[in-house]
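The values are calculated or read from the model by the stated rules, or taken from the named source; none is laboratory data. Just so it is clear, the structure is predicted and the values come from calculations on it, not from any experiment. Because the Cβ atoms are built from the backbone with ideal geometry, glycine has one as well, and the counts that use them run over all protein chains shown.
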Amino acid sequence: MRAALAVAVLVYSAVTSALLRDTMAPLVIVKLGGSAITRKATHATLNEAGLAGVVSAVRAAVDGAARVCVVHGAGSFGHMEASEYGIAAGTAHPEWRTGFARTRQQVTRLNHLVVGAFLDAGLPAVGCSPYPATSTAAPQVLAEAGGAALAQAATAALEAGLVPVFHGDAVLDASQGCSILSGDTLTQVLSERLKPTCCVFVADVDGVYDRPPADPGAVLLRDIRVGADGKLSTRVVTRNDHAHDVTGGLEAKIAAAAAVGVATGAPVHVVKAGSEACAEAVAGSLRPSGGTTIAAAGAGG
Ligand code: IP8
């Protein structure tokens, strides 16, 4: 009887310490920008090197016991179709249904390729689509049930030891019939509900610059603080170089990153795919050696 009790105590403590270790492992939400994993100017073309850089960072982070939830944008898979049929603005186009379906075909095709790259690296990645479980109440505003469903799907996948891979999508919308739900909004909603250790936006440049990075004299901003009102501590001049981008370009991305920082209190890193800083950030570093860290004013670090 005493031996049985001792065994039970041993099993119980092994199980609780495993659970504790799992819940204490860093949780990182990684947004792969369309500009990092696709060639934005060429229709439906992957940026193989950019994707490979991110896949190896996630592989190393998972090997180091981090839990990683991935979200990716559409890049050259979907923005062009969404733009042609005006899907972000609703159902005014006479053939919006065709445009909605074609946009989804492209983003899910990209999701299939991204998941494939993770699987090839030995990671148990599972594609998770916002449509049809999720809809928006207004553009970029998730219906309450949709936000809860996404967070629940991500949590269940992570608890099962899987790597969920969400993507920006075309969704039905209560205010205008249909809309585009960007990967940045998804990242924001998942971060608010999952409270990650940190959030990482992977880009095709080293971080956020004070002006477009190709402009003479552009300076990389290592730290940006965000006030409770969403105002940034530093002025950032942006320019949208991609006419097809239906979700607002860099300005919208910085706003989403800032909102994540304010809502979660966690640092948000903007790093380049394949860089050392990318590997560090994806592994859960609070202060990677490069890139830009966006954090709420008053947050530690
Ligand atoms: O590239 C857009 O997601 P994003 C998804 O993260 C589309 O803005 C175009 C269907």
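Being under 14 Å from the mean Cα position of the chain (by Cα) and at pLDDT 95 or above holds for only one residue in Ala160, Ala138, Ala154, Ala170, and it is Ala154. So which residues in region 193-218 are of a type in the set (A, V, I, L, M) and surrounded by fewer than 18 Cβ atoms within 10 Å (Cβ to Cβ)? Ala214, Ala218, listed by residue number.
Being out of contact with any strand residue (DSSP E or B) (no Cβ under 9 Å at 6 or more places or on another chain), within 13 Å of the ligand (Cβ to nearest atom) and outside any loop (DSSP other than H, G, I, E, B) is the requirement here; does Ala149 meet it? No: the conditions fail for Ala149.
The residue pairs whose first member lies in region 72-90 and is among the polar types (S, T, N, Q), whose second member is assigned to a loop (DSSP other than H, G, I, E, B), and whose beta carbons are closer than 7 Å, counting only pairs six or more residues apart or on different chains, are Ser76/Arg39; Ser76/Lys40; Ser76/Thr42; Ser76/His43; Ser76/Ala44; Ser76/Thr45; Ser83/His244; Ser83/Val246. Contact annotation: no residue pair with Cβ atoms under 6 Å, 6 or more positions apart or on different chains, pairs a residue in region 240-269 that is more than 20 Å from Val205 (Cα to Cα) with a partner that is within 14 Å of the ligand (Cβ to nearest atom) and at pLDDT below 75. If only residues of region 160-187 that are surrounded by fewer than 24 Cβ atoms within 10 Å (Cβ to Cβ) and either free of Cβ contacts under 8 Å to residues at least 24 places away in the same chain or in a loop (DSSP other than H, G, I, E, B) (or both) are counted, the one that is nearest to the ligand (Cβ to nearest atom) is Gln176.
Can you give me the ranges of the strands (runs of 3 or more DSSP E) entirely in region 196-292 with at least 3 residues that are in contact with a helix residue (DSSP H, G or I) (Cβ under 8 Å, 6 or more places away or on another chain) and under 17 Å from His72 (Cβ atoms)? Spell out how you get there, then give the answer.
Working: elements: 198-203, 223-226, 268-272.
Correct list: 198-203, 268-272.
From the list Leu186, Leu194, which one is modelled with pLDDT of 95 or more, aliphatic (A, V, I, L, M) and farther than 18 Å from Gly33 by Cα? Let's see the steps before the verdict.
Numbers: Leu186 fails: farther than 18 Å from Gly33 by Cα.
Of Leu186, Leu194, the one residue that is modelled with pLDDT of 95 or more, aliphatic (A, V, I, L, M) and farther than 18 Å from Gly33 by Cα is Leu194.
When every residue of region 107-120 is checked against the conditions, at least one turns out to be more than 14 Å from the ligand (Cβ to nearest atom) and in contact with a helix residue (DSSP H, G or I) (Cβ under 7 Å, 6 or more places away or on another chain). Here the condition is being crowded, with 20+ Cβ neighbours inside 10 Å and modelled with pLDDT under 95; of Val226, Val236, it holds for Val226 alone.
Considering only residues that are within 15 Å of Phe166 (Cβ to Cβ) and either in contact with a Ser or Thr (Cβ under 7 Å, 6 or more places away or on another chain) or of a type outside the set (Phe, Trp, Tyr) (or both), which ones fall in region 110-122? First the steps, then the outcome.
Taking region 110-122 first, the residues within 15 Å of Phe166 (Cβ to Cβ) are 110-115, 118.
Answer for region 110-122, where residues must be within 15 Å of Phe166 (Cβ to Cβ) and either in contact with a Ser or Thr (Cβ under 7 Å, 6 or more places away or on another chain) or of a type outside the set (Phe, Trp, Tyr) (or both): Leu110, Asn111, His112, Leu113, Val114, Val115.
Output the residues belonging to region 85-140 that are part of a helix (DSSP H, G or I) and of a type in the set (Gly, Ala, Ser).
The answer is Ala88, Ala89, Gly99, Ala101, Gly116, Ala117.
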